[in-house]
1. Would you mind telling me the share, in percent, of accessible area of the range 32-157 contributed by carbon and sulfur at probe 1.4 angstrom?
2. Set the Förster distance to 41 Å, then compute FRET efficiency between K319 and T223 from the Cβ-Cβ distance, nearest 0.05.
3. For a distance above 14 Å, tell me the whole-number percent of Cα pairs in the range 313-353 that qualify.
4. Express the Stokes-Einstein translational diffusion coefficient of the range 73-177 in µm² s⁻¹, to the nearest whole number, given a Kirkwood radius over alpha-carbon pairs, 37 °C and a viscosity of 0.692 mPa s.
5. State the dimensionless ratio Rg/Rh of the range 189-248 (Rg: radius of gyration of Cα atoms; Rh: Kirkwood radius).
6. Using only the Cα atoms of the range 191-330, construct the convex hull and provide its projected area averaged over every direction, in square nanometres to one decimal.
7. Among all the lysines, which ones have a C-alpha under 16 Å from K260's C-alpha, if same-chain residues fewer than 8 places away are not counted?
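The values are calculated or read from the model by the stated rules, or taken from the named source; none is laboratory data. Given the structure is predicted, the values throughout are model-derived calculations rather than measurements. Cβ atoms come from the backbone with ideal geometry, glycine included; neighbour counts cover every protein chain shown. Just so you know, the surface numbers come from the protein's heavy atoms only, side chains and all, with ligands and any DNA or RNA stripped out. Shrake-Rupley method; radii C 1.70, N 1.55, O 1.52, S 1.80 Å.
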Amino acid sequence: MKYSFFLAVSIACSVGTSNAQTVQNFDSVKNLNALTEKCWQLLGVTLHKIPAASEASLAVNAASVGGKAWVYTPFADLTTSSAINFTFQLANKLSANATRTLAVHLAGIDGSMVHVGNMTLNAQSQTTAYAFAGKSPATGVRRVVIEITASGDDMEPLYLDNFSIGGAFNYNPPYWCKDRANGTTTIHYLKVFQGLLSGDRVQLLWTVAENENNQFFEIERSTDGQEFQSAAIIKATGRVAVENYNYGEALQGNAYYRLKLVSKSGIRMYSNVLFFKGASAIQDLALLQNPIQQTLKVGFTAERKTTAMVVVYDMSGFKVFQKEYEAGKGYNVIVAELNTNLKKGLYFLELNQHETRRTTKFVKD
């Protein structure tokens, strides 16, 4: 098995020193509804008992949803000492050139992502259980996100089990999914809901499966993360299978956004909540252009003369750009020329200044 780790990943097997520890081994879980009602979000995942061990696990079949699958845990109170552990194993050995790659991130309620680590299984990997053991590189309320990418051997599942997180799940508003969605949260059709902030404009992006079953989408906005009002109605297209949508508007003050999806049968489904800070509350990191072609322009402030490391990751968590720049005290603008071969899509930008790490997202056209 090949391991690839970035940022603050620990390969030690110890549990973090945070105040609480949350464990989920799925053995007492009877169905996926019991998990989604507790704010787990799952795509391309079923609940399955491993025959050899008669233990319940999450069975991931990323090939069934276009080569990608996702596992989102509930939000948890984390510190930089919080351990993130789980086990994973193949149902059967993979054939030549087939792979299963797991990218582990931490997601904030504002949609920001912090990368934790990567693991890749291939034809040389055994069917015994492997362990991921990492530590949170950030402090705050975040959820663990595991993105699984599959190539080859379409029907061979990957089992995930024995989650252990060094922090208690946070079910207080606005993190509790039932509060956000009036008790009807589900993500059966929703694959991705993300947002970008460029200047004073918010751009929301989402992808749905089984688009032919969808009637319309409603963008809902809130100032406190609890009481939401309708901001826009967007009719579903007639396209079959996977479809992408977007909606943009000017941001006035702090705002929370969620997406309500209504199927043709009248079933309501809700997304995760995204949070954006208005111009008066924006801190000192901003993209000066988004989307971009090749040139990335980043504005930020520094308390003193220092060095700033700019790092860019793709959606799989792989580092595609890294460069160090000199920054003066006050406001700075960095102009970074990205690789001309960089594909179109969504990327994560990380700016490091000594002990300070800030992240945001951008789109490359």
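1. On the way: 2180 of 4260 Å².
On the range 32-157, the fraction of accessible area on carbon and sulfur atoms equals 51 percent.
2. Computed FRET efficiency for K319 and T223: 0.65.
3. Here the long-distance tail beyond 14 Å is 55 percent of all Cα pairs in the range 313-353.
4. Numbers: Rh = 14.7 Å.
Here the translational diffusion coefficient equals 224 µm²/s.
5. Working: Rg = 12.5 Å, Rh = 12.5 Å.
Taking Rg over the Kirkwood Rh, I get 1.00.
6. Values: hull surface 41.4 nm².
Convex hull of Cα atoms, orientation-averaged projection: 10.4 nm².
7. Within reach: K178, K191, K235.
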